[in-house]
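See below for the structure under consideration.
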Amino acid sequence: MSERQGGQVSLTEHELSEIRMLIEERTSIRFDESRERFFSTRVQQHLVRKGHARGIDLLRAIKKTNHDFQELIESLLTQETTFFRYPGVFEAFEKRVLPELHTRKFWQNPRSFRIWSAGCSTGEEPYSVAITIADTLSFADAWNVEILATDIGRNALAIAERAVYSGRSIGSVSDKQLATHFQPAEGGQQIRPRIRKMINFVQMNLTNSVYVGKMDVIFCMNVLIYFSEERRRELVQHFYSVLEPGGYLFLGHSESISKMPVKFQAIVLNDCILYRKPTAEEAQKAELVTEGRA
Ligand SMILES: C[S@@+](CC[C@H](N)C(=O)[O-])C[C@H]1O[C@@H](n2cnc3c(N)ncnc32)[C@H](O)[C@@H]1O
């Protein structure tokens, strides 16, 4: 058994591996060989910060209380994000998804959209979605737009609630959007209340498949890459069941569901793939074609 010494702390390979397994079991996040160095360094730093002398003390603490577990998790999350991270995604959302939903739902009373940003990090993604809606639907205020933005990270959600951004994070926001949807605040530019009130931030662990109600669109970008193949499959299946017929799923650029047994239609637009849940009629037609009865 090899032992790592970091100042006063000792952390064995076995302890590290137990911590790794516990994290995967509770959050689905996997620290494979490619992230081994990052993982062990962060755990050691956490040990020092918390004043634990041995890995076993940390293990006991995180098994005992959710608070200690959450603190460790916060130091291990990868929360990189920016506004309009993939311009192609927001273009597809604006030019394809919103007009389609607008037409389909126009006669509904009340007129509403429900969108879920799953793994929203510090809020740039759901705010980009809200800004796109406000800029696209000329009478967005006449719609009841509800964006649920969830993440496992409490610190990230606190930043999202504060809604103050600066630097690289807002590098892709246009001058016009900055003037319309942001106002100067201490430390940067703060999203205006009109956009903020479209979003509800909630702490949620995707591993627990909590029921969130039916959604028209789900954004789950750059989250599944950290999960095992099996957990990814389960979550994509969960997203399918949560989506309304005709609803859309957006994943990150390197996340594909091509090998999964779900019945999404894959639509390639510019440099992105969007996944659409067929309507009941479309699904029935597809089945007839498959069975050769069309
Ligand atoms: C790289 S960020 C992606 C942010 C944003 N979606 C984007 O693409 O810019 C991944 C986010 O997933 C969150 N996350 C990881 N595992 C999670 C889980 N089990 N439940 C909920 N959120 C999770 C992390 O806290 C992090 O904020």
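Just so it is clear, none of the values below were taken in a lab; they were calculated from the coordinates. Bear in mind the structure is a predicted one, so any value in this text is a computation, not a measurement. No Cβ is skipped: glycine too gets one built from the backbone with ideal geometry, and neighbour counts run over all protein chains shown.
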Volume per residue that the Cα convex hull of the stretch 23-108 spans, once the total is divided by residue count, Å³: 175
Alpha-carbon spread of the chain, three principal axes, descending order, Å: 66, 58, 32
Net charge contributed by nearby residues that have their C-beta within less than 11 Å of K259 (K/R +1, D/E -1): +1
Separation between Cα centres of the stretch 1-79 and the stretch 174-246, rounded to whole Å: 28
Per-peptide average of other Cβ atoms within 10 Å, ordering 71-81, 261-271 highest first: 71-81, 261-271
Length-normalised contact order of the stretch 46-131 in % [C-alpha pairs under 8 Å, at least 6 apart]: 29
Nonlocal amide H pairs with L243, under 5 Å, H built at 1.01 Å: M215
Computed over the chain: relative contact order in percent, which uses C-alpha pairs under 8 Å that are six or more apart: 16
Stretchable slack from R26 to K285, in nm (0.36 nm times residue separation minus alpha-carbon distance): 89.2 nm
Residues E13 and E186, FRET efficiency given R0 of 45 Å [Cβ-Cβ distance, rounded to 0.05]: 0.50
Computed [θ] at 222 nm, deg cm²/dmol, the chain (DSSP H ≥ 4; -39,500 (n - 2.57); rounded to nearest 500): -12000 deg cm²/dmol
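Once fully extended, how much extra length lies between S241 and E100, figured as 0.36 nm per residue of separation less the alpha-carbon to alpha-carbon distance?
Values: separation 141, 0.36 × 141 = 50.76 nm, distance 2.00 nm.
Taking 0.36 nm per residue and subtracting the Cα distance, the gain is 48.8 nm.
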Estimated FRET transfer efficiency when R0 is 51 angstrom, pair A53-H253 (beta carbons, to 0.05): 0.75
Out-of-range pairs (alpha-carbon distance over 32 Å; input K197/K259; K105/K263; K50/K197; K63/K263): K197/K259; K50/K197; K63/K263
